[in-house]
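S.K.: Got a structure here, written out as structure tokens. Questions coming.
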Amino acid sequence: MSFIVILIGLLAQVFFSARILIQWFLSEKKHEVISPTLFWVFSLMGSYLMFYYGWLRNDFSIIVGQFISFYIYIGNLSLKGVWKKVPLLFRVLIILTPPIILTIYSHNDGESFVDVFLRNKDIPLWLVVFGTIGQITFTFRFVYQWIYSVRKKVSSLPPTFWWISLTGSAVIIAYAIMRQDPILILGQSFGCVSYIRNLMIGYNSSKKGNA
């Protein structure tokens, strides 16, 4: 990997790690699992960079995962009333960037696009499928979280969100080890600690509430 690719990936993981630290710290402080605005702001920024990292790495599974969760982050910022405060032009640019880039490159050379992502000699198809399953599972946590939050009409992070996070993260770590991708290994390993701790905080909070 070139230095610029590593830098983009590291910066994305910095944002993802920062969101975890902030959410974890504030949850510990309140003794209950919370969904702070900065969690979603940093999620969006990290996802934006991770999308480019996946593209530069020719990694289809990363792109699929980021593409879906990207818009859920925006949805949560909308629930919190923050998204509408962002200048309109900037909002449009953020929303359209991922599909425009993906469309341009795939349209210009569709066969090459398939060869790079699905017939890549450096990544066997079974490994692409395995990694994609991990990313889809990991991303599904935000689909679940979004449905849950819409029903509750407030952005929240329920216990099932953390269980799905742990499952998806385990698959991605295994994929990253096989791909020898230190960026993914670092980010996911750090996240696992937070997922387990949030489950513990949520459990303790629930016990106190039922006491």
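Only the coordinates and a few stated rules stand behind these numbers; no lab work does. Remember, it's a predicted structure, so these values are computed and weren't measured experimentally. Positions of Cβ are generated from backbone atoms using ideal geometry, with glycine treated the same way; all protein chains shown enter the neighbour counts.
S.K.: Based on DSSP H runs of at least 4 residues, each adding -39500 (n - 2.57), what is the mean residue ellipticity at 222 nm of the chain after dividing by all its residues, to the nearest 500 deg cm²/dmol?
M.R.: So the helix-based figure for the chain works out to -29000 deg cm²/dmol.
S.K.: Taking the Cα of E28, stepping 7 Å toward and past its beta carbon, and measuring to each backbone N in segment 173-195: which are under 14 Å?
M.R.: Once the point is set 7 Å along Cα→Cβ of E28, 193-195 turn out to lie under 14 Å by backbone N, inside segment 173-195.
S.K.: On to the next question. With the calculation restricted to Cα positions, what are the radius of gyration and Dmax of segment 46-86 in angstrom?
M.R.: Computed over the Cα atoms of segment 46-86, radius of gyration and Dmax are 12.0, 35 Å.
S.K.: Would you mind computing Rg(Cα) / (2.2 N^0.38 Å) for segment 1-79, counting N as its residues? Provide the component values of the computation, followed by the final result.
M.R.: Values: Rg = 13.7 Å, N = 79, 2.2 N^0.38 = 11.6 Å.
For segment 1-79, the normalised Cα radius of gyration comes out at 1.18.
S.K.: Taking Rh as the Kirkwood radius computed over C-alpha pairs, what is the Stokes-Einstein D of segment 161-211 at 20 °C in a medium of viscosity 1.002 mPa s, expressed in µm² per second?
M.R.: Numbers: Rh = 11.9 Å.
This corresponds to a translational diffusion coefficient of 181 µm²/s.
S.K.: Oh, and also: How many percent of the alpha carbon pairs in the chain exceed a separation of 26 Å? Write down the numbers at each step before the final one.
M.R.: On the way: 7760 of 22155 pairs.
Value for the chain: 35 percent of Cα pairs lie more than 26 Å apart.
S.K.: With contacts defined as alpha carbon pairs under 8 Å and 6 or more residues apart, what's the relative contact order of the chain in percent? Before the final figure, lay out each step's value.
M.R.: Values: 236 pairs, mean separation 51.5, N = 211.
Contact order relative to length: 24 percent.
S.K.: For S194, what is the net charge nearby, where nearby means another residue's Cβ is under 14 Å from its Cβ and Lys, Arg count +1, Asp, Glu -1? Write out the running numbers ahead of the final one.
M.R.: On the way: positive: R19, R141, R197; negative: E28.
Here the charged neighbours net out to +2.
S.K.: Too long at a 22 Å Cα-Cα cut-off: which of K153/K207; K30/K152; K30/K207; K84/K153; K85/K153; K29/K208?
M.R.: Values: K153/K207 24 Å; K30/K152 20 Å; K30/K207 15 Å; K84/K153 17 Å; K85/K153 19 Å; K29/K208 15 Å.
As for pairs spanning more than 22 Å Cα to Cα, those are K153/K207.
S.K.: Using the number of other C-beta atoms within 10 angstrom as an exposure proxy, rank S78, S35 with the fewest first.
M.R.: Numbers: S78 13, S35 20.
Ranked by crowding around the Cβ, least crowded first: S78, S35.
S.K.: Moving on to the next point. Quick check: residue separation of Y71 and S206 times 0.36 nm, minus the Cα distance between them. What number comes out in nm? Don't skip to the answer; put the middle values down first.
M.R.: Numbers: separation 135, 0.36 × 135 = 48.60 nm, distance 3.03 nm.
That works out to 45.6 nm of additional length.
S.K.: Tell me the label-point distance for the pair I6, L127, using the 7 Å Cα-to-Cβ offset, in nm and rounded to one decimal.
M.R.: The two pseudo-label positions are separated by 1.9 nm.
S.K.: Now a separate question. Apply 1/(1 + (r/R0)^6) to the Cβ-Cβ distance of V193 and N58, taking R0 = 25 Å, and write down the FRET efficiency to the nearest 0.05. Please report the intermediate quantities before stating the final value.
M.R.: Details: r = 30 Å, r/R0 = 1.20.
It comes to 0.25.
S.K.: Can you pull the one-decimal nm distance between simple spin-label points at V86 and K152, each 7 Å off the Cα toward Cβ?
M.R.: 2.3 nm
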